[in-house]
Amino acid sequence: MLRLILQNSTHSGQQLYLDPQKTNWFLLGRGEESVLRFVETSVSTRHAIISTEGGDFFLLDQDSTNGTFLNGARVTTARLKTGDVIELGHFGPRLQVIIEESLAQADHLSGAETSPQFDDTARARAAQTVQWTLRDAAQTLGMYNPHHDSGEIPPPIGVAGLAMLCAVLGVIVLALTVLNFGLSVSIIAGLTAFIPAAIYLGIFLWLDRYDPEPFRTLAFAFAWGASVAILISGVFNEIFKHNFDDFLTGVVSAPLIEEGSKGAGVLLIALMFKRDFDSVLDGIVYAGVVALGFATMENVSYYGDSLMKGGAGDLAGTFIVRGILSPFSHVLFTCMTGIGCGIARETYNQNLKFAAPLIGYAAAMFLHALWNMLASFSVGLFWMGYLLLEVPLFIAFICLIVYLIRREARILRQTLSAEVEKGLIAPERLDVVISLFRRSAWVLSAFGNRQLFNARRQYLRSVAKLGLCHWHNSRAIEAKGDTGSFSVIPQLRAEVFKLGQEI
């Protein structure tokens, strides 16, 4: 148990207790949800959180105006030990830290450690306040919004610049398509390419059920593939084709440039949207969406060319080959890079963190070159390679996705078991959370009641995010590293508690 003794301020001499058997955290600040309300101007409304995790106690600053200090040094996240002094803002309230084994020990402390101003009645009131902090904070805290967990709003300049880049290059790609095929052919080719793409995108979104990625990040991934990657690849491939033959362009330039431009989009998401990019499965989802955007715009070109040269018959044949028999080709290639980025996101091995994306990129180029090489041979050899090599590779890829989904379910059950024991999550709700089919049925059963429908969707997302944050935190502790997921855990607990009352 942790005990805080206030050394100054209007509450000088009073004490606060954090008993892990009753609650995992409480808030310090001037707001009503705080365990003890301060009046000092140096203290923010939501200044800092004291939290427990894995038997240790932590101090987490909540973006306070005047900062949170531990032993004179400003901190954002820090592990606490007996004798530490917390200061809320410069020359603000100071709290001495004492970590005890149990509440019973607090009753036997010497008079120098226990303030006479904090009698048994005040202690009971403080314990009750700590116990009810979670309920009060859940109603008003609002520090975590799962719809805006990609970054700050308005978005950083870098994100806004990339969005503008995608928009500009997208307009250029569309303009070139219309100039090349004409408006009517471009519309037909576009519909033929984009309608199946919506179906394939829906499959990806269904697979990513436990921790659905934010719409704007997925939209950026698709836009990157359909604009930036497609334009860069088109320019460099044309230059290469002008100097070499089609075969070398297919097996050298296309794999190198196309997988590089698509992989760059996946890497950017991994670096700029870290809170959305949690695991290998996320790497597959984002890489698949980038590749889907690329393949869709590439298919517009193929479909338009077939329609102009051979009419509807040629268009149907091209659609069967590219839209039905091999829509997975670009997805399979680029997902190798996504797997590499996902491994880099999960590991604390610095060598592997650097090498995994490069190995994934190399695998993507190899598969892409192999596919293009098969397409350059005779029809018989192509179909032999397709049936004996490409299809088994795709089946193995599907098996990998199924394994990763089941792995994520096991992680959530393991990491959320403590929250079930503490009563934050009901056991039957945890069973719903980790079941792909039951969670969908649970949400759909509220269809028609918009408030309940949205509350259940948000609840599933917040619970899954809480479990993944616990996982990242436990792995960081094992690796003696650090993770931003820890500071989100108290916020997610409040979110889950609040939504649990609404569902």
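The values are calculated or read from the model by the stated rules, or taken from the named source; none is laboratory data. Bear in mind that the values here come from a model prediction, so they are computed numbers and not experimental data. Note that each Cβ is placed from the backbone with ideal geometry, even for glycine, and that neighbours are counted across all protein chains shown.
Checking the condition assigned to a helix (DSSP H, G or I), aliphatic (A, V, I, L, M) and farther than 22 Å from PHE204 by Cα, which residue from ALA344, ALA316 passes?
ALA316
Could you list all residues from segment 226-261 that are surrounded by fewer than 17 Cβ atoms within 10 Å (Cβ to Cβ) and charged (D, E, K, R)?
GLU238, LYS241, ASP245, ASP246
Consider segment 417-457. How many of its residues are polar (S, T, N, Q), outside any loop (DSSP other than H, G, I, E, B) and farther than 18 Å from TRP206 by Cβ? First the steps, then the outcome.
Narrowing segment 417-457 to residues polar (S, T, N, Q): 417, 435, 440, 445, 449, 451, 454.
Those left that are additionally outside any loop (DSSP other than H, G, I, E, B): 417, 440, 451, 454.
If we keep only those that are farther than 18 Å from TRP206 by Cβ too, we end up with 417, 451, 454.
Residues meeting the conditions: 3.
Could you name every one of the helices (runs of 4 or more DSSP H) located completely within segment 211-288 that has at least 1 residues being modelled with pLDDT under 90 and closer than 17 Å to GLY170 by Cα? Quick ask: steps written out before the conclusion?
Numbers: elements: 215-223, 230-243, 259-272.
Helices (runs of 4 or more DSSP H) meeting the threshold: 215-223.
Which one is nearest to the chain's Cα centre (by Cα) among residues in segment 23-40 that are farther than 16 Å from THR68 by Cβ and crowded, with 18+ Cβ neighbours inside 10 Å?
Only one residue tops the list, namely ASN24.
When segment 399-434 is examined, which residues are found to be closer than 18 Å to ASP208 by Cβ and in contact with a Phe, Trp or Tyr (Cβ under 9 Å, 6 or more places away or on another chain)?
Those that are closer than 18 Å to ASP208 by Cβ and in contact with a Phe, Trp or Tyr (Cβ under 9 Å, 6 or more places away or on another chain): ILE405, GLU408, ALA409, ILE411, LEU412, VAL432, VAL433, ILE434.
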